[in-house]
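Encoded as structure tokens, the structure appears first; notes follow it.
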Amino acid sequence: MSQLRWVAVAMILALAALMVVLSARTSTTPATKSLTYSQFLSDVAGQKISTVDLASDGTATGALKGGNQYTTVIPVQADSSLLSELQSHGVAIQATAPSASSGWTSLLGWLVLLIPLGLLFWWSSRSLRKAGGVMGGMGAVGKARAQVIDAERPATKFADVAGYEGAKSEIAEMVDLLRNPERYSQAGAVAPKGILMVGPPGTGKTLLARAVAGEAEVPFLSVVGSSFVEMFVGVGASRVRDLFAEARKRAPAIIFVDEIDAIGAHRSVSGAGISNDEREQTLNQLLSELDGFDPAAGIVVLAATNRPEILDPALLRPGRFDRQVVIPLPTQNERLAILKVHCLDKRLAPEVDLELVARATPGFSGADLANLANEAAINSVRAARPLVSPEDFSAARDRILIGRRDGSNVLLPDEKHAVAVHEAGHALVAALSEHADPVEKVTILPAGQALGVTQQLPLVERHLFGEDYLQDALAVRLGGRAAELIELGQGSTGAANDLTQATDLALRMVREFGLSDALGPVSYPVAGSVFLGRGGTELSSRPFAEATQALIDQEVARLVREAEARALSLLQTHRPLLSALVQLLLEQETVDGGAVRALVEGNVVSVLRAG
Ligand code: ADP
Ligand code: ZN
């Protein structure tokens, strides 16, 4: 061990320092004779002593008649008769108080001695602690536990969780179980042991789990799945054991395992970099702990994941996580409720319409909405407004959606024109298509990755999309490029993202939704991902013939081409509108949906008048 070698080296250095100090202290006066007390007395009697310097610590030094120095020690038993004796023999007596300088040198000596030892002690204890994970065995694992398990008594209540009434009522049963576990056994029912919450990140799974603990007023032990899986085999399993032991000590209690997929992944999934043995041992320990405890003991295990499909089926068997609660992204009404919760402590201007904000934030999770409310408040502070205004909300939303807005418009003038043409194309096709979502806003301000943005806003939240809606959506996607072709005579790189999205949508229409006559109502879904390690269900990996693939390609191309043709003809027939919108965009940079609609409707009216 190199550490031991260093300890030895440091020890030798310390000893050497000690020797140097000691020898320095004794060898300051080289020509000194050391006398015994009786020699000293006889020398005094023999008139050989010329001076004596009596130090308070009993040592005496002085000069002999011959000029040599001597030292001796006066015993404490010697009494004051010695002084008269010395006087009578003509010895010059001097007495010194303990000198400051000698005190300092001895202190220095001690420091020289002690500092290396102190350093040595500090160093060795530190390196031992650091190496604890490796050399410290079980003791070290126990120590690490404190950082992994978080125990607290949250004050969160169900009222803090907005929306999700179904999930809440399912989970609320656990509160009852924690409060009176005996009720279940009296009724002869086996209480559920664990609930698995499944949903995308930020949807409030942790919040719900904390609310259960808060409502039941029990300790909340939370761990993150990935913290169990270490490089060392056996550590994870021992941590699981510790976790449950801790919960039993504090029962009734809630154990919350976030990201349970990190331990509970299907056993055939190979984790890169982490030994499979370790993962398997950890999972097995978890399974046996789940089997081992009696729900009457008042322990409830809640777990969260956003990838339920990779969980090992053993985890989902009855008696383990036998209940699953899906926590999806919030619906429009739920978004409104969540926004209300997070705006309680913010001072909103009266004209802020949270309903509109909720409508404009499809796909936002609860965490995103909390962030939105906060960003809006920050925005108002930055603008030195006393109240949070609707503009703050829309700026916050833009920031979250498309990255931070650049202060400066860095586009070259002709680029700006091209972007205006492109975005006007999207917006006009959307406004002119019967089934497309209404335009909410068009902007040519660069933001994040996008040079310009056309936002559409569904009137109602849709769960089902008709063929006409999808075809219009395709045309809107291609509207940008179509406008470029018409106004500028050529396409540009700006449409790359649009084309990818349009092609993806067309591909799904053909392969999954059966919207191609040539292929008919047959589903050719994408093959299951090999990375999930579960390739093999008949459906996901059904091979299809080369000829079918060629047909799919053809049909996708046809759909996209037709959409482009529709966009082109729409824009060509309304070319003056296109030019007008481009002009408007170049002047105002941001045009809202109402203005686009007014432009289109005004035109329709004027066409009618003309006709
Ligand atoms: P998850 O565990 O699902 O990733 P969290 O529970 O950590 O999500 O949620 C993060 C934050 O988002 C919460 O602290 C809360 O501020 C907010 N949040 C999420 N869902 C809701 C909700 N339904 N009601 C109120 N706030 C929510
Ligand atoms: Zn575009």
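The values are calculated or read from the model by the stated rules, or taken from the named source; none is laboratory data. Given the structure is predicted, the values throughout are model-derived calculations rather than measurements. We place every Cβ from the backbone using ideal geometry, glycine too, and count neighbours over all the protein chains shown.
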Report task. Could you tell me whether any residue of region 201-216 is charged (D, E, K, R), in the same structural domain as G298 (by TED's automatic domain parsing) and touching a strand residue (DSSP E or B) at 6+ places or on another chain (Cβ under 9 Å)? Result -> yes
Query raised in the report: When region 302-316 is examined, which residues are found to be within 16 Å of ligand 1 (Cβ to nearest atom) and small (G, A, S)?
Result: A303, A304
Requested in this report: Check D353, D312, D322 and return the single one that is away from ligand 2 (no atom under 16 Å from the Cβ) and closer than 26 Å to G593 by Cα.
Outcome: D353
Query raised in the report: Of these, L286, L302, which one is of a type outside the set (S, T, Y), outside any helix (DSSP H, G or I), out of contact with any Lys or Arg (no Cβ under 8 Å at 6 or more places or on another chain) and surrounded by 21 or more Cβ atoms within 10 Å (Cβ to Cβ)?
Result: L302
Report task. Please work out if E355 is within 14 Å of ligand 1 (Cβ to nearest atom), of a type in the set (D, E), modelled with pLDDT of 85 or more and not in a loop (DSSP other than H, G, I, E, B). Result -> no
**Report entry** Residues (among the polar types (S, T, N, Q) and surrounded by 20 or more Cβ atoms within 10 Å (Cβ to Cβ)) located in region 179-205
**Finding:** T203
Report task. All but one of (1) more than 10 Å from ligand 1 (Cβ to nearest atom); (2) under 25 Å from the mean Cα position of the chain (by Cα); (3) closer than 21 Å to P390 by Cβ hold for H342, so report the exception by its number. Result -> (1)
Requested in this report: Inspect region 290-297 for any residue being free of Cβ contacts under 8 Å to residues at least 40 places away in the same chain and either of a type in the set (A, V, I, L, M) or crowded, with 16+ Cβ neighbours inside 10 Å (or both) and give the result as yes or no.
Outcome: no
Query - Selection within region 63-73 - under 18 Å from G46 (Cα atoms) and either touching a residue at least 24 places away in the same chain (Cβ under 8 Å) or in contact with a helix residue (DSSP H, G or I) (Cβ under 7 Å, 6 or more places away or on another chain) (or both) - result: L64, N68, Q69, Y70, T71, T72
Report task. For residues that are surrounded by fewer than 18 Cβ atoms within 10 Å (Cβ to Cβ), charged (D, E, K, R) and over 20 Å from T203 (Cα atoms), tally how many sit in region 340-393. Result -> 8
Report task. Out of A431, A436, A427, report the one residue that is aliphatic (A, V, I, L, M), touching a helix residue (DSSP H, G or I) at 6+ places or on another chain (Cβ under 6 Å), away from ligand 2 (no atom under 12 Å from the Cβ) and assigned to a helix (DSSP H, G or I). Result -> A431
Query raised in the report: So which of L432, L387 is closer than 27 Å to L488 by Cα, away from ligand 1 (no atom under 16 Å from the Cβ) and at pLDDT 90 or above?
Result: L432
Report task. Could you run through region 541-584 and say how many residues are small (G, A, S) and within 22 Å of E467 (Cα to Cα)? Result -> 5
Query - Given (1) away from ligand 2 (no atom under 16 Å from the Cβ); (2) in contact with a helix residue (DSSP H, G or I) (Cβ under 8 Å, 6 or more places away or on another chain), index of the condition D468 fails - result: (2)
**Report entry** helices (runs of 4 or more DSSP H) contained entirely in region 130-234, each with at least 2 residues that are closer than 16 Å to A247 by Cα and either within 16 Å of ligand 2 (Cβ to nearest atom) or at pLDDT 85 or above (or both)
**Finding:** 205-216
Report task. Consider H463 carefully, then state whether it is in a loop (DSSP other than H, G, I, E, B), touching a residue at least 24 places away in the same chain (Cβ under 8 Å), out of contact with any His (no Cβ under 6 Å at 6 or more places or on another chain) and not β-branched (V, I, T). Result -> no
**Report entry** Top-ranked residue of region 489-510 - restricted to ones that are within 10 Å of ligand 2 (Cβ to nearest atom) and not small (G, A, S), ranked as nearest to T454 (Cα to Cα)
**Finding:** D498
Query raised in the report: Is there any pair linking a residue in region 188-206 that is hydrophobic (A, V, I, L, M, F, W, C) to one that is within 6 Å of ligand 1 (Cβ to nearest atom) and part of a strand (DSSP E or B), with Cβ under 6 Å and at least six apart or on different chains, and which?
Result: M197/A304
Query raised in the report: From the residues in region 522-566 that are aliphatic (A, V, I, L, M) and more than 30 Å from G491 (Cβ to Cβ), which one is modelled with the highest pLDDT?
Result: A547
Report summary line: Counted residues in region 235-259 being farther than 18 Å from D294 by Cβ, of a type in the set (D, E, K, R) and not in a loop (DSSP other than H, G, I, E, B) come to 3
